[in-house]
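The values are calculated or read from the model by the stated rules, or taken from the named source; none is laboratory data. Computed from a prediction, not measured in an experiment: that's the story for all the values here. No Cβ is skipped: glycine too gets one built from the backbone with ideal geometry, and neighbour counts run over all protein chains shown. Side chains included, ligands, DNA and RNA excluded: accessible areas come from the protein's heavy atoms. Shrake-Rupley method; radii C 1.70, N 1.55, O 1.52, S 1.80 Å.
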Amino acid sequence: MKEQERTPPNFWNMLSNLALVRFLLLFASGWAGLQLLAYFETAVAVFTIAALVAFLLNYPVRTLQRFLPRSLAVAFVVLLTILVFGGLTVTVGVTLLSQGQQLIDSMTEFLNALAPLSRAPGNIPAGEKPTS
């Protein structure tokens with residue numbers, strides 16, 4: 001008996017209503033999941049950042065817990081963290097304000113330097129008659 005040659009299944013022959021409905025449901029559930037994440041984006045971001053901060057601050061708390069009770073170790077680490085971030089904020093804020101003031105001053109000088117160019121002979125403001 002001869003072996004029957006098998007042809008690879010055609011893509012269009014494999015499609016059925018069940019396969020199409022499954023694909024549609026998969027696509028719709030993925031879309032709904034993305035919409036749900038977008039709706040709760042702020043809450044997810046806040047909880048993610050809080051979890052990362054708690055995870056990172058747990059290491060110094062465990063180290064200090066050998067010498068102090070846990071509540072004092074937590075209070076010390078939290079106060080130290082607030083002081084460090086407050087110092088960084090003040091340092092960056094003062095630098096940012098100084099740079100912003102310099103930018104405003106240089107923009108003022110730049111615009112004052114452009115003012116004479118706007119009164120060049122070829123540029124006649126609207127409403128004025130050219131003088132000969």
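Okay, residues lined up against (1) open to solvent by less than 70 Å² (accessible area, probe 1.4 Å); (2) at pLDDT 95 or above; (3) assigned to a helix (DSSP H, G or I):
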site: Leu52; (1), (2), (3): no, yes, yes
site: Met107; (1), (2), (3): no, no, yes
site: Asn112; (1), (2), (3): no, no, yes
site: Ala115; (1), (2), (3): yes, no, yes
site: Ile124; (1), (2), (3): no, no, no
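The residues on offer are Thr63, Thr89, and the sole one that is out of contact with any helix residue (DSSP H, G or I) (no Cβ under 6 Å at 6 or more places or on another chain), open to solvent by 70 Å² or more (accessible area, probe 1.4 Å), without any contact (Cβ under 8 Å) to a residue 12 or more places away in the chain and of a type in the set (S, T, N, Q) is Thr89.
Being assigned to a helix (DSSP H, G or I), surrounded by fewer than 12 Cβ atoms within 10 Å (Cβ to Cβ) and either in contact with a Ser or Thr (Cβ under 7 Å, 6 or more places away or on another chain) or not polar (S, T, N, Q) (or both) is the filter here, so list the residues in segment 66-86 that pass it. Within segment 66-86, Arg70, Leu79, Ile82, Leu83, Val84, Phe85, Gly86 meet the criteria. Filtered by the rule that a residue be among the hydroxyl-bearing types (Ser, Thr, Tyr) and farther than 16 Å from Thr63 by Cβ, segment 76-92 gives Thr89, Thr91.
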